[in-house]
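Each remark here refers to the structure printed beneath this line.
No lab work stands behind these numbers, since they all come straight from the coordinates. From a predicted model like this one, the values you see are computed outputs, not experimental measurements. Note that each Cβ is placed from the backbone with ideal geometry, even for glycine, and that neighbours are counted across all protein chains shown.
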Amino acid sequence: MKVRLPASIYRDAEIEIDADEITVEELVKILSEKIGRDLRKLIIRNGDLSPFVNVFINGKNVRHEKGLKTIVKKGDEVSLVPAVAGG
Amino acid sequence: MVKLDRSQIRRYARQLLIPEIGGRGQEKLLEASVLVVGAGGLGSPVIQYLAAAGVGMIGIADGDEVDETNLQRQTIHAGNLGMNKAESAAQFVEKLNPDVKVEAYPFSVTVENARDLVRRYDIVVDCTDTFPARFLLNDACLLESTPLVHSAVLRFEGQIMTIIPHETACYRCFLPEAPPPGSVPTCREAGVIGVTTGFFGVLQANEVIKLIISKGELFTNKLLYVDLLHNDFNLIEISKHPSCPACGERRIKELRSEYYVETCRIETD
Amino acid sequence: MSRRAESRQIEANEVLDIRGEVCPFTFIETKLKLEEMKSGEVLEVITDHEPAARDVPKSVEQEGHEVIEVLKTGEREWRITIRKK
Ligand SMILES: [Zn+2]
């Protein structure tokens, strides 16, 4: 699975994670270890998905599915997008 | 069919030369009507470039007044401190291009007036600054089957997405509900710079022009997320979601005020 | 510089007199006129702007139309015959 991180969350990066089937929560843990920075504080809040960040698996927001418990499979593309509403 | 007069040929000469525009495209622009909701940071470039390009009818809705803190990014309100923003923007348009008919709505878009306003226009541009306003416009445009060009910004970052109702992913497909109020910083709290609103507003105007002339490609089923501080451009695929509370299998049938408070959740009954 | 076609008899469906116009309006006026016409129809453009006699045919060809001929018809007058694609 491939994870795309925008510069404002980590630094502009595309990170490959080698796993068959994991939850978003597990993905965040593995990702944090891999980049050497704890993204959990940013992505997880009170055991739930933080309102600041949206996680997309193949174009679908995991908020439509099971949030942090949503399954990510081998070959999936994951993107993180911060929430903004200003104008 | 509109026939371009001598002065119009001169005014639009540079874009008449573009094969994708030409006389036919210009006539389409002059016959089009666009509603711009919000005449602030995003609205300023949207209004400016649509008016300059000769979009025949521009509606501008905004309930706020121009204040000094706006001027660093809201570039069309020169000399109009204290004036309603929709009216100030309308003045700007009238000075810039007499071909454009402009209608100022000096009030906010609400559950009560949204559908009626949206219905009068071919295309709606979301230049608002709150999650509830954005969800309201998305839902009203779905109900009225009116294309919507969304954008939102913060600091040096922003996003843009174009929605063709019931054909492409909507704003709630991207974001089913809003973060709880106060959990995400607003421009008022976290700041924004004029170049960010300028950049995204110009992209919105470009989407509108392409929609009108039916040429090129749009940000449909995708969202462009840009961090202008790091020049980081992310084009993210967004799919139309079958369980989307607005456009999915159990799509909304009407606007209800309870859909636009707090997290703007739509409870399906 | 004039391209002589054998068929001087070609009847123009439309005549566009843009004497007094300069570039780029000579081409824009021609382009707008062609947009109004049907495919295969013939347009005759009259210009008194020398660069236009050179540039209009070039630009029109770039848009895929056929330039049938460019004739110098007076001291400062050119007639450009175009078939719409
Ligand atoms: Zn939707």
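With a 10 Å cut-off around each Cβ of B:23-31, the average count of Cβ atoms from other chains is 2. Remind me, relative contact order of the stretch B:10-68 in percent, using alpha carbon pairs under 8 angstrom and six or more residues apart? RCO, the stretch B:10-68: 35 percent.
Taking a straight line from the alpha carbon of C:K72, these lysines sit under 26 Å away, with near neighbours fewer than eight places off in the same chain left out: C:K31, C:K33, C:K58, C:K84, C:K85.
Rounded to the nearest 0.05, the FRET efficiency derived from the C-beta distance between B:R24 and A:E16 at R0 = 45 Å is 0.40. Dividing the summed helix terms, -39500 (n - 2.57) for each DSSP H run of n ≥ 4, by the number of residues in chain A produces a 222 nm estimate of -5000 deg cm²/dmol to the nearest 500. With the simple model of a label 7 Å out from the Cα in the direction of the Cβ, C:K38 to B:E254 spans 5.3 nm. Over the protein assembly as shown, the ratio between the Cα radius of gyration and 2.2 N^0.38 Å evaluates to 1.19. Seen against the Cα atoms of chain B and their longest principal axis, helix B:43-53 is set at about 30 degrees. For chain B, the longest principal axis of the alpha carbon atoms and the long axis of helix B:22-31 meet at an angle near 60°. With a Förster radius of 56 Å applied to the C-beta separation of C:E61 and B:S33, the computed FRET efficiency comes to 0.95.
Between B:V261 and A:F52, take the C-beta separation as r, use R0 = 30 Å, and let me know the FRET efficiency to the nearest 0.05. Computed FRET efficiency for B:V261 and A:F52: 0.90. Where both bridge residues fall in the stretch C:5-83, DSSP classifies roughly 75% of the beta bridges as antiparallel. For the residues of C:24-35, the average number of beta carbons from a partner chain within 10 Å of their own beta carbon is 4. Between B:H230 and B:R119, the modelled label-to-label distance comes to 4.7 nm, taking each label 7 Å out from Cα in the direction of the beta carbon. Annotation: extensible slack from C:K72 through C:K85 equals 2.3 nm (criterion: 0.36 nm per residue apart, minus Cα-Cα distance).
Run the numbers on the stretch C:32-85 and let me know its relative contact order in percent, using alpha-carbon pairs under 8 Å that are six or more apart.
Numbers: 84 pairs, mean separation 24.9, N = 54.
Value for the stretch C:32-85: 46 percent.
Working from Cα positions, state the angle (0 to 90°, nearest 10) between the long axis of helix B:85-96 and the longest principal axis of chain B. Tilt of helix B:85-96: around 20 degrees. Annotation note: GluC sites (Glu not before Pro) in the stretch B:175-244 located in DSSP loop regions with a Cβ neighbour count of at most 16 within 10 Å are B:E217. Distance between the C-alpha centres of the stretch B:137-198 and the stretch B:26-105: 19 Å, rounded to the whole angstrom. Look at the stretch A:53-63: the mean tally of other chain Cβ atoms within 10 Å of its residues' Cβ atoms is 5. The helix-only estimate of mean residue ellipticity at 222 nm for chain B, built from DSSP H runs of length n ≥ 4 each weighted as -39500 (n - 2.57), is -9500 deg cm²/dmol after division by the residue total.
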